[in-house]
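What follows is a short report on a single structure.
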Amino acid sequence: MLSIKNLHASVEEKQILKGLNLEVKPGEVHAIMGPNGAGKSTLGYVLSGREGYSVQDGSASLQGADLLDMDIEERAKAGLFLAFQYPVEIPGVSNLEFLKAAVDAQREARGEEALSSAEFLKMAREASKQVNLPIEFLKRGVNEGFSGGEKKRNEILQMLLLQPKLCILDESDSGLDIDALQVVAKGVNSLRSPDRGFIVVTHYQRLLDYIKPDFVHVLSDGKIVKSGDASLALELEEQGYAWLNKQPEDDAEGLQV
Amino acid sequence: MSEWLNTVLSRAQSVDDWLSPKREQSLALLRDAKWPNRKTEAWKYTPLRAVENAQFAAPADVEAAVTAIAGLESIDLVFINGRFAAEQSTANLPQGLHITQLADVSEADKTWALQAFAAIKPSRHLFGLVNDALATEGVIIDVAASAKITAPVRIVNQLSENAEAHNRVLVRVAQQASLTVVEQTIGDAYSFNTAFAEYDIADDASLEHYRFALQTDKAMSVGGSHFQLANRSQLNSTLVGFGSSLSRLDVDVTHGGEHAFAKLNAIYLLDGEELFDLHSTIEHAQPHGTTEENVRGIVGDSATAVFNGRIHIHRDAQKTLAELNNRNLLMSNKAVINTKPELEIYADDVRCAHGATIAEIDKKALYYMQSRGVDRAQAQVMLNFGFINELVDQMPNAALAEWLRPQLRQRFAKMEVN
Ligand SMILES: Nc1ncnc2c1ncn2[C@@H]1O[C@H](COP(=O)(O)OP(=O)(O)OP(=O)(O)O)[C@@H](O)[C@H]1O
Ligand SMILES: [Mg+2]
């Protein structure tokens, strides 16, 4: 459903993605790991269409539609969702109002009828219960004054409400306490379905105990340099990334899918 | 010479009450006063032609009913065209709260009130002096020491066509007491009013204050709220202004004691050819005072906003923390904003920030909202409204915020289309 081919992208003239290939099929969960600064977040930004990120080469399509050719909101309406590593605070814009606008947009795009305020509230209440975020939080400004973990849970809440086709979770597990980690994992697992794909960016194997990935990839210096099954995450946890520098260039290439 | 001012001087002749000694002083200044013009600093961007030779025929006797604010259990003091409307006002007062009409003050009230009158802000512009001379209607509010008054006192000035009214409010919050006051002016028809309130907030006392200057259209209004803080007094004030053919407010705070705290939020939302002029002077006369002043406005169409924000830190006011921020969002290229920060610092150990900027859309926030499928245009509207709504969210009184927000939203929505 998500097909990324030879993706080259840069930010402020700095080349970050250097020929990235990734294929996510419906129902699959792909974990992406890799050293700091490798380009993991950049991948999410490029796919979601963030300003300042430009694509030089390659392609990315979601269910056959060219993602790179769409406006930011069109990509979201096409079913792409990025749970941010650093969610943005928007004081003055209430969470509820924002969520309603997002859900309305999504439903319109799918040709569904708009929800009444009551219906929406019911949905929001359920979702906030699921991620263990008090409903009062939704009356505040978007992420305003939220703790790091609360922001992450709010991202999952949005994902639950929007029911995207392809979810990218960028370090949704970092900064979470043990209970919150389970909450996030449960949220993701509840959405797992044969027609939905996931990319889970993480530094820690632990999240993958809860969200069992079908594939694990190592992203380094703008490329996927190694892929494997869930056991690769355990290996990485033990070995770290030092081997990346030692391995000869062509060897690493050979490991690509 | 202004014809209107001439009538003021002659009307003032017939005012004779316990405040007359104070009124005389202001009247003396008024007799020498020149009608302000473009060169008069305080009125540089705010033309007064519409008042200069105006005549306000007495309004037809109106039976205006003032509506309550949903969810607000307030103590109402209603003035219709300047006259106290007892039947619309709250008679029963909680213990520790004393309210009396200017005309009915007791000897005990007179002692402090006479002192406080026109003293909280000693230097007054022309209309302040006019109010000194003519305001025979108004109230005195006195909160006893340590009394915590939870019900907000709401002072409503309702004006109808052709009305001219001058009202005065004097408030004393004694030591360790707390009070909430809402000043609200209503009526968009052609009229003119001056409404000034003076607040004397004693040691360890706190005041939550709101001023809603929501008259629009042909209504003309000049007013002010002046606050005197003592040791450790707390002030939290929110001011909201819609513009009209003349709308001017002066909000002034004097830190007359140490460790006083003042938070001032002001919002204006202007459309059409409206004018809104906010002048604010913060005097830090004593050490360890804190002022946080946030002024935000959205100016659309060919409206004009004037903001003059002055912070004066006296030589003895060491360890002052003062921040004043004025941000403006211009919705059209005909919209005008005249903003002038004035900073005078005579103490060396202070932290002071002072800025006026044209607000820009937060690109990260815009991206975030779009990434959830919200159209760029809609996200922009939400962010623009959020820019002022952020200050509404900060209002301590939820009922007032709930009451205000839809009014702002409605006005803002109308601005978007032009
Ligand atoms: N605006 C920018 N200008 C220049 N370089 C940038 C900019 N934004 C990101 N980068 C660089 O791009 C590289 C990739 O960043 P990215 O955030 O994608 O890394 P990451 O793999 O997500 O790392 P982490 O694991 O720390 O989250 C980094 O070296 C970063 O410094
Ligand atoms: Mg990252």
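Derivation of every value follows stated rules applied to the coordinates shown; laboratory data play no part. What you are looking at is a predicted structure, and each value in this text was computed from that prediction instead of being measured. Don't worry about glycine lacking a Cβ; one is built from the backbone with ideal geometry, like all the others, and counts go over all protein chains shown.
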| message | Give the lysines whose C-alpha is closer than 18 Å to that of B:Lys34, dropping any in the same chain fewer than 8 places away, or say none. | response | B:Lys44
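Please go through segment B:44-97 and write out the GluC sites (Glu not before Pro) that DSSP classes as loop and that have at most 13 other C-beta atoms within 10 Å.
Working: sites: B:Glu52, B:Glu63, B:Glu73, B:Glu87; in loops: B:Glu63, B:Glu73.
For GluC sites (Glu not before Pro) across segment B:44-97 that sit outside H, G, I, E and B with at most 13 neighbouring Cβ atoms in 10 Å, the list reads B:Glu63, B:Glu73.
Are there chymotrypsin sites (Phe, Trp or Tyr not before Pro) in segment B:328-418 that DSSP marks as loop and that have at most 13 other Cβ atoms within 10 Å, and which are they? If you can, show how the numbers build up before the last one.
Numbers: sites: B:Tyr346, B:Tyr367, B:Tyr368, B:Phe385, B:Phe387, B:Trp403, B:Phe412; in loops: B:Tyr346.
Those satisfying the criteria are B:Tyr346.
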| query | Rounded to the nearest 0.05, what FRET efficiency do A:Gln163 and B:Glu107 have when you use their Cβ-Cβ distance and R0 = 56 Å? | reply | 0.15
| field | Label-point separation in nm, A:Glu126 to B:Asp217, each point 7 Å along Cα→Cβ | value | 4.7
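What's the extension gain from B:Arg315 to B:Ala347 if we count 0.36 nm per residue and subtract their Cα-Cα distance?
The B:Arg315-B:Ala347 span can extend by a further 11.1 nm.
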| trypsin sites (Lys or Arg not before Pro) within segment A:11-120, DSSP loop, no more than 12 other Cβ atoms inside 10 Å | A:Arg110
| query | Residue separation times 0.36 nm, minus the C-alpha to C-alpha distance between B:Asn6 and B:Ala42: what's the value? | reply | 10.9 nm
| field | For segment A:134-202: span of alpha carbons on each principal axis (Å, largest first) | value | 36, 23, 17
| query | Among A:Ala127, A:Ala109, A:Ala60, which one shows the biggest mean-square fluctuation in a GNM of chain A, springs joining Cα atoms closer than 10 Å? | reply | A:Ala109
| task | Calculate the spin-label point distance for B:Gln410 paired with B:Ala119, positioning each point 7 Å from the Cα along the beta-carbon direction, and give it in nanometres. | result | 4.3
| So what's the gap between the Cα centers of segment A:4-64 and segment A:170-241, to the nearest angstrom? | 17
| Distance violations [Cα-Cα > 18 Å] among A:Lys77/A:Lys100; B:Lys121/B:Lys148; B:Lys39/B:Lys340; B:Lys39/B:Lys218; A:Lys139/B:Lys414; A:Lys5/A:Lys223 | B:Lys121/B:Lys148; B:Lys39/B:Lys218; A:Lys139/B:Lys414
| task | Measure nothing fancy, just the Cα-based angle from helix A:95-109's long axis to the longest principal axis of chain A, in degrees from 0 to 90, nearest 10. | result | 70
| query | aspartates and glutamates within cross-link reach of A:Lys18: Cα-Cα under 18 Å, excluding same-chain residues under 8 positions apart? | reply | A:Asp57, A:Asp221, A:Glu249, A:Asp250, A:Asp251, A:Glu253
| field | Net charge of neighbours whose Cβ lies under 13 Å from the Cβ of B:Val251, counting Lys and Arg as +1 and Asp and Glu as -1 | value | -2
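Could you give the length gained by full extension between A:Lys212 and A:Gln182, i.e. 0.36 nm per residue of separation minus their alpha carbon distance, to one decimal place?
Difference between extended and current length: 9.5 nm.
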| message | In the protein assembly as shown, if the dipole is taken from +1 on Lys/Arg beta carbons and -1 on Asp/Glu beta carbons about the Cα centre, which of B:Thr7, A:Ser117, B:Gly256 is farthest to the positive end? | response | B:Thr7
| query | Which three extents, in whole angstrom, do the alpha-carbon atoms of segment B:3-413 cover along their principal axes, largest first? | reply | 66, 48, 45
| Looking only at other chains, what is the average number of their beta-carbon atoms within 10 angstrom of each beta-carbon in A:87-99? | 6
| query | Which of these, B:Thr136, B:Thr194, B:Thr40, has the largest mean-square fluctuation under a Gaussian network model of chain B (Cα springs below 10 Å)? | reply | B:Thr40
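Considering all projection directions equally, how large on average is the shadow of the alpha-carbon convex hull of the protein assembly as shown, in square nanometres? Intermediate values should be presented prior to the final figure.
Details: hull surface 137.6 nm².
With every direction weighted equally, the projected area is 34.4 nm².
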| message | Treating only the Cβ of Lys, Arg, Asp and Glu as charged (+1, +1, -1, -1), what charge dipole size does segment B:3-413 show about its Cα centre? Round to the nearest 20 debye. | response | 1020
| Pair A:Glu112, B:Trp18: separation of 7 Å Cα→Cβ label points (nm) | 6.8
